[in-house]
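Each reported figure results from applying straightforward, stated rules to the coordinates on display, with no laboratory input. Just so we're clear, the structure is a prediction, and the values are computed from it rather than from any experiment. Here the Cβ is made from the backbone with ideal geometry for all residues, glycine too, and neighbour counts use every protein chain on show.
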């Protein structure tokens with residue numbers, strides 16, 4: 001069963017492009033990644049799914065129900081964390097979360113306290129006194145306190161320190177193991193690779209690829225930077241090396257293939273420094289998804 005399904009979903013802001021012909025199918029019980037650089041259309045897609053904005057054309061369904069006409073019913077079983085959170089500044093965190101819990105036809109108090117403890121969130125503080133990271137924690141607890149069947153996360157880790165990110169990921173994995181479906185938007189490739197089963201890549205408002213995470217890993221490129229005074233540039237003219245940038249004391253390139261092959265060549269060189277890293281999404285799009 002598809003929990004989320006869109007067909008040719010399109011949104012224009014006047015003449016400005018939002019998203020164009022977005023087709024998505026998110027299956028029940030999976031953690032689905034939605035990735036792309038900033039401005040690609042991730043938030044527009046999510047806000048359309050949540051009924052916060054209306055599509056110019058196309059259709060969007062959650063639980064098989066129309067996201068516009070059945071919006072109130074759908075939202076009873078959806079937990080949503082937007083990329084930016086805004087609250088009533090004078091309210092205490094506890095009062096805000098109790099207010100939120102009142103919208104659902106279930107008792108949310110126990111889960112609220114459990115999540116607040118895990119995320120180290122002080123319920124007695126006022127919203128206006130919270131840092132950006134602590135406001136994000138409020139959003140996380142708010143989105144999950146009713147144990148939703150679908151969890152929609154739009155850039156959820158921004159503002160969280162690495163320790164809190166790990167705790168948050170553990171919560172999401174636990175919710176998924178209980179049966180929740182997760183739709184996870186990010187511009188950070190490593191996060192998506194760690195959590196997700198499948199991933200859709202969006203660029204300039206259009207879906208350019210949807211594939212399982214295993215395939216994405218196998219197709220992944222490494223970004224290699226070598227520094228030294230006498231690099232034998234010709235040694236690196238091998239299959240799998242692309243986008244070479246050569247300077248007198250430096251060589252940069254992308255590599256796809258058996259990592260042992262290029263490591264063997266690197267080890268034969270007298271180098272000052274070696275850096276092997278994941279390319280950014282922008283670099284992947286620029287070089288490999290034209």
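Extension gain residue 188-residue 38, at 0.36 nm per residue separation less the Cα-Cα distance, in nm? Please report the intermediate quantities before stating the final value.
Working: separation 150, 0.36 × 150 = 54.00 nm, distance 1.04 nm.
Roughly 53.0 nm would be gained on extension.
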Residue of 94, 271, 121 that the Gaussian network model of the chain assigns the largest fluctuation, springs spanning Cα pairs under 10 Å: 271
Square roots of five times the C-alpha gyration tensor eigenvalues of the chain, ordered largest first and given in whole Å, equal 40, 24, 17
Given points 7 Å out from each Cα along the Cα-Cβ axis, report the residue 161 to residue 84 separation in nanometres with one decimal. 2.5
Springs between alpha-carbon pairs under 10 angstrom, Gaussian network model over the chain: which of 30, 191, 73 fluctuates most? 73
R0 of 25 Å, Cβ-Cβ distance residue 117-residue 28: FRET efficiency to nearest 0.05: 0.25
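Please quote Rg/Rh for segment 222-288 to two decimal places, taking the Kirkwood radius as Rh and restricting both calculations to Cα atoms.
Details: Rg = 11.5 Å, Rh = 12.2 Å.
Rg/Rh for segment 222-288 comes to 0.94.
Under 8 Å for C-alpha pairs, at least 6 residues apart: give me the relative contact order for segment 222-288, rounded to a whole percent. Intermediate results must be reported in sequence, preceding the final value.
Values: 93 pairs, mean separation 30.6, N = 67.
Contact order relative to length: 46 percent.
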How much length would be gained if the chain were fully extended between residue 227 and residue 244, taking 0.36 nm per residue of separation minus their Cα-Cα distance, in nm to one decimal? 4.8 nm
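In percent, what relative contact order does segment 31-132 have, based on Cα pairs under 8 Å that are 6 or more apart in sequence?
Values: 61 pairs, mean separation 21.2, N = 102.
Here the relative contact order equals 21 percent.
Relative contact order of segment 2-218, please, whole-number percent, based on alpha carbon pairs below 8 angstrom and at least 6 residues apart. Intermediate results must be reported in sequence, preceding the final value.
Details: 406 pairs, mean separation 64.6, N = 217.
RCO, segment 2-218: 30 percent.
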Quick one: Debye curve from the alpha-carbon atoms of segment 128-281 only, equal weights, vacuum; give me log10 I(q)/I(0) at q = 0.16, 0.17 Å⁻¹ to two decimals. -0.95, -1.00
Which FRET efficiency, nearest 0.05, do residue 69 and residue 211 yield, Cβ-Cβ r, R0 41 Å? 0.80
Of the DSSP beta bridges with both residues in segment 2-218, give the percent that are antiparallel, rounding to the nearest 5. 55
Give the angle, between 0 and 90 degrees and rounded to the nearest 10, that separates the Cα long axis of helix 132-144 from the longest principal axis of the Cα atoms of the chain. 60
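Based on the Kirkwood radius over alpha-carbon pairs, what value in µm²/s does the Stokes-Einstein equation return for the translational diffusion coefficient of segment 39-82 at 25 °C and 0.890 mPa s? Don't skip to the answer; put the middle values down first.
On the way: Rh = 10.8 Å.
So the translational diffusion coefficient is about 227 µm²/s.
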